[in-house]
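A quick write-up on the structure given underneath.
The values are calculated or read from the model by the stated rules, or taken from the named source; none is laboratory data. Predicted, not measured: the structure shown is a model, and the values here were computed from it. No Cβ is skipped: glycine too gets one built from the backbone with ideal geometry, and neighbour counts run over all protein chains shown.
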Amino acid sequence: MNPKNYKIPTILAVLYWIPATLYLFSDAGTGSNSFLVPGCILGFAFGYGGSLLLALLGQLINLIVLILIGSLLYEPIRRMRANEK
């Protein structure tokens with residue numbers, strides 16, 4: 001897949017990942033936010049019983065996973081738009 005095809009999924013993933021990461025590392029993140037919690041799962045899992053560094057590593061892995069999922073979901077849309085031209 002062309003790296004240009006990752007542009008929109010990467011932007012969308014980062015726009016979701018930043019608030020999720022802030023939610024994970026904030027003191028106000030003790031409650032449940034059902035929209036942001038999926039973006040915190042790996043960070044929470046790696047950071048639970050570990051350190052903030054492991055939580056950050058989990059969040060970075062989570063960002064990569066979000067980009068890959070976004071590119072898989074965006075690919076059919078990109079193909080439809082390419083066929084219309």
| task | Go through the residues of the stretch 67-84 one by one and say whether even a single one is at pLDDT below 80 and either among the hydrophobic types (A, V, I, L, M, F, W, C) or surrounded by 12 or more Cβ atoms within 10 Å (Cβ to Cβ) (or both). | result | no
| remark: Of the residues in the stretch 32-85, those that are closer than 17 Å to I8 by Cβ and aromatic (F, W, Y) number 1
| Identify, please: which residue in the stretch 1-28 is in a helix (DSSP H, G or I), over 17 Å from L60 (Cα atoms) and aliphatic (A, V, I, L, M) and is, among those, modelled with the lowest pLDDT? | A28
